[in-house]
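The values are calculated or read from the model by the stated rules, or taken from the named source; none is laboratory data. Not measured: the values here are computed from a predicted model. As a convention, Cβ positions derive from the backbone with ideal geometry for all residues, glycine included, and neighbour counts pool all protein chains shown.
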Amino acid sequence: MIRQLDAHEGPYAGALVTRGESVAVQVASETLVGWAGWEHAGDDHVAGPVDVVRRPDGHDVLLPWCTERISVFLGRRAAAEVAFGAGELTTMVASILRGLGELARAGGPEATGEWWLTDDGRPMFMIGTGGDGRSAAADLIERMQRECVDRSLKRLLGEIRDGLEKSGARPGMPARQLERWEAELFATAASRPLRRDVHAPEKARDLDVARRVRPVPGTRREARVGGPEHSVDTGLRAAIDRVFEWARHRLEEGRAAFERRRIRRGKKTVEGRPPRHEKKHSDVVAGAVEPLPRRGGRRLAVAGAAVAVVLGGGLLWPGGATGEPAAVKSRPSPAVNRSSAGPPTTTPTARASTVPSAQATDPSTGPDDPVVAARALLLAIGHCAEAGDLACSDAVAAGSSGIVEALAGAASGEKVPELAGVDEYGDVAVIRVSSVSGAGEGAPPERIEQMVVVVRVNEKWLVRDAYDVADQPG
C-alpha cells in the first residue's frame, strides 16, 4: 500500500496500492453493493472494477485512480490562461464520446455521476452522485467550445453539444452518431496528450504581503516601541509563515509526483504475470496519448525561490508611513502572458510569403511549413481545375467540397498569389491567399482575399476549407 485516500481526494475512499507498473484504489466490495459500475468492468472510459483481491474475511475491488474532476481541470487551465490545443480537445471530447457509448451499451436507466481524469490523464465517467452523463458531457463540451480557437473544430464541438442536448429525452445514444462525431474529430486534428502540468500563477497579492501590512498612526508611544516598523515586522513574519506553508505544499506535490513516476517505472507485477485488465488496443484515446511528465523539479525550484525572495525582501524591508515596500513596487508582475503560456503544439506564428516563385523560396524553410505546403497545394489544385478533377484527392482533404472551384482563380491566375500564415495550431493552419482576378475589357483587376484552412493528415498537408475574407464562416 502506498497510502490511504480519504473521500475528499477522489470519488471514493480506499487504499492507494501498486498494480504492476500502475496504481489503483483498493475498496471493500461490501461498500459497492448495488453500484451500477459493476456492469462496466473492462471499459476504458467508464469506471468499473479493474480486478478483485481476496482477503481472509471477504473481497476487495481495485478501481481506477481518479485524481481530478474534468470541470476543475478546465477551470485550472482557464485561470492559467493556457488555451487548449486542437489535439488536446480531440483527446478530451473523443474520450467523452466513447464513455457515452459505453454507458449506452450497458443499458438500464440513465446513469448519473461526474467526469474525472485518471492518474494517467484518461477522461472517465464515475457513476455515483451528480448529473446524468449526457448532460454533464454537453456542459463540458460547451466550455471547451468557448475556449476553442480553431474555426473548424469550434463548429464541430457546437454540433456535438447541440446533438447531445437534443437527444436528452431519448434513452441511450446511437452508436453510429457517436462514431461519426469521433471520426470527424480525428479528421480535424490528431490526438495529443493533455497538458496537466499547468497551474494558475501565484501572484504577490495572493500571499497577503501587502494586505496584511497596515500603516499605523505615528504617536510618541509607538515611536518608543518601534512605531510603524513594529507593525511592518509583524505583518512580514505572518507573510513569511504563509510562504513557507505554500512552499511546503509545493514540496509535497513534487514528492507525490516523483513517487508516482518511481512506481510506474520501477515496480513489476508480484505474481510475475501481467494484470488482467490492461489497455487492450492502441486506438483508445487515453491509451495512445500518455500525459506529459510532471515537472516536479521545476515546482520544487519555484517553491525554494519564493522562500528566498520573501526572506530577502524581509531583510531589505524599508519601513515607511505607508508600510509598502519598494521591492513590491518594482517587482514585475508574475502573471502569465497568454502568448507565451500556450502549449507547445499550439504556438501561433505569423509568416508572410511574398516570394514570386517556388524556386525563390527560402531553402531553410522545411516541408513542415504550412505556408510552403499551401503554395504547392495551390499549384496542384490549379492542375486539377484544368483537368476537370473537382475532387483533387492529392490536395483536398476527404469530405471537403467546392475547394477546387473556390481556389481555381487564385491557382491559375497570371500573377503568383501572395500567401501569409495567419494562425497555426499543431496540425491545422490558416493561410491568407491574396490574388488578382482576371479583369474584363476596360475593367481594372480585382484583388481577392481568401482564407485557406490546411490540415496535416498522415504527414501530408491537405486543404480542408476555403472561403473569401468577406464571407467568413460563423
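Things to note:
- Residues that are farther than 21 Å from Leu117 by Cβ, in a loop (DSSP other than H, G, I, E, B) and more than 20 Å from the chain's Cα centre (by Cα) do occur in segment 50-61, at least one of them.
- Within segment 1-39, if we keep just the residues that are of a type in the set (S, T, N, Q) and outside any strand (DSSP E or B), the residue that is surrounded by the fewest Cβ atoms within 10 Å (Cβ to Cβ) turns out to be Thr31.
- Among the residues listed as Leu194, Leu164, the single one being crowded, with 20+ Cβ neighbours inside 10 Å and either of a type in the set (Ser, Thr, Tyr) or touching a strand residue (DSSP E or B) at 6+ places or on another chain (Cβ under 8 Å) (or both): Leu194
- Residues satisfying the stated conditions in segment 97-116, i.e. closer than 23 Å to Tyr12 by Cβ, aliphatic (A, V, I, L, M) and out of contact with any Leu (no Cβ under 7 Å at 6 or more places or on another chain): Leu103, Ala106
- Single residue of segment 421-443 satisfying the filter (within 22 Å of Leu153 (Cβ to Cβ) and either part of a loop (DSSP other than H, G, I, E, B) or of a type in the set (A, V, I, L, M, F, W, C) (or both)) that is modelled with the lowest pLDDT: Gly426
- Matching option when the condition is of a type in the set (Val, Ile, Thr) and in contact with a Pro (Cβ under 9 Å, 6 or more places away or on another chain), among Val50, Val46, Val27: Val50
- From Glu102, Glu147, Glu114, residue being in contact (Cβ under 8 Å) with a residue 40 or more places away in the chain, farther than 30 Å from Val457 by Cβ and not hydrophobic (A, V, I, L, M, F, W, C): Glu114
- When the criteria are applied in full, Asp44 fails the requirement of being over 18 Å from the mean Cα position of the chain (by Cα), at pLDDT below 95 and surrounded by fewer than 22 Cβ atoms within 10 Å (Cβ to Cβ).
- Test for Leu74: is it at negative phi and part of a strand (DSSP E or B): no
- When residues of segment 444-461 are limited to those that are touching a strand residue (DSSP E or B) at 6+ places or on another chain (Cβ under 7 Å) and surrounded by fewer than 22 Cβ atoms within 10 Å (Cβ to Cβ), the one modelled with the lowest pLDDT: Pro445
- Among (1) in a helix (DSSP H, G or I); (2) in contact (Cβ under 8 Å) with a residue 24 or more places away in the chain; (3) farther than 26 Å from Phe186 by Cα - the single one Thr90 does not satisfy: (3)
- Considering residues of segment 93-129 that are part of a helix (DSSP H, G or I) and among the hydrophobic types (A, V, I, L, M, F, W, C) only, the residue farthest from the chain's Cα centre (by Cα): Ala106
- Condition check for Gly113: modelled with pLDDT of 90 or more and out of contact with any helix residue (DSSP H, G or I) (no Cβ under 6 Å at 6 or more places or on another chain): yes
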